[in-house]
Amino acid sequence: MSADELAGAREELRRRQGAGLREDAPGAPAAELALARLGTAFFARRLTLLDDGELAGPSLLPGWSRAALVAHVGYNARALTRLVAWAATGVETPMYASSEQRAREIERGASQPPRALRALFAHSEVHLNVAWRDLPSAAWDAEVVTAQGRTVPARETAWMRTREVWVHAVDLANGAGFGDLPPALLDRLAADVVAGWRRRGEAVSLTLRPEDRDEPLVLGDGSGPEVAGTQADLVRWLTGRGARRLTHAGDTPPALPRWL
């Protein structure tokens, strides 16, 4: 992220937080929440740069308009708010009633007028932020279940939101790139994709060699091919968004399925 982009995102974050708001509980994941909130401000800034007519245009996700993407990000905040409520009350509150319900939400949201769609994003992210700020320290370790069926502590909601807003800000296709993401976030995203492969039991043997990092990331026994490039380019490839500027035994690496 350029200095101007970072300054703009921080200013947007300060504006949204306002003055005199309650602080997070001492047991809250401070660094993760800060990155999620900064990413939300970054997404909001990219959204502001789109005029209403451009919302109907294509995002970087095949078959998804920008409007559908904004609806998805807005309803994701509401779904995560339900998980936070689950942690706070102990009453089981799933992210979605079903995958069909989730799809209907996105379809309905994408059909709203631009003003309503922008309001959905703005209101849902404030609601989630307030839920995080009201969550007591002990509740951050309460177990909840993600839409994929994983049981995780409530503190995981901060990371779940972080990856949504930062990656989908790039998917808005209006100038943001993976090179704009903070270096620590790129490292976490790479590790998260790899962890997902391992959870699913996928046998992957691969060496990722980022040109701007000191150490490679070795998957499996390391006997597989080596893929090299900047960390931003590697993460773009790992998340299924293309293999531009990467080298792979002299050729372009194969396409990977979209993650997120």
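For the reader, a short list of remarks on this structure follows.
- Accessible area per residue for segment 205-260, computed on protein heavy atoms with a 1.4 Å probe, is 53 Å².
- Whole-angstrom gap from segment 212-240 to segment 22-82, using each part's C-alpha centre: 27 Å
- Probe 1.4 Å, accessible area per residue of segment 72-176, Å²: 42 Å²
- Of all DSSP beta bridges confined to segment 119-260, the antiparallel ones make up roughly 70%.
- Looking at the chain alone, DSSP beta bridges between its own residues are antiparallel in about 70 percent of cases.
- Potential lengthening of the chain between THR247 and ALA122 amounts to 41.0 nm, from the contour at 0.36 nm per residue minus the alpha-carbon distance.
- Derived scalar couplings between HN and Hα for segment 185-194 equal 5, 4, 5, 5, 5, 4, 5, 5, 4, 4 Hz in order, rounded to whole Hz, by the Karplus curve 6.51 cos²θ - 1.76 cosθ + 1.60 (θ = phi - 60°), x for Gly and Pro.
- Using a probe radius of 1.4 angstrom, the carbon and sulfur fraction of the accessible surface of the chain is 53%.
- The listed peptides 116-123, 196-203, 78-85, 233-240, ordered by packing as a protection proxy, come out as 233-240, 78-85, 116-123, 196-203 (highest mean of other Cβ atoms within 10 Å first).
The values are calculated or read from the model by the stated rules, or taken from the named source; none is laboratory data. Being a predicted model, the structure only gives us computed values, none of them experimental. As a convention, Cβ positions derive from the backbone with ideal geometry for all residues, glycine included, and neighbour counts pool all protein chains shown. Ligands, DNA and RNA are excluded from the accessible area calculation, which covers all protein heavy atoms including side chains. Shrake-Rupley method; radii C 1.70, N 1.55, O 1.52, S 1.80 Å.
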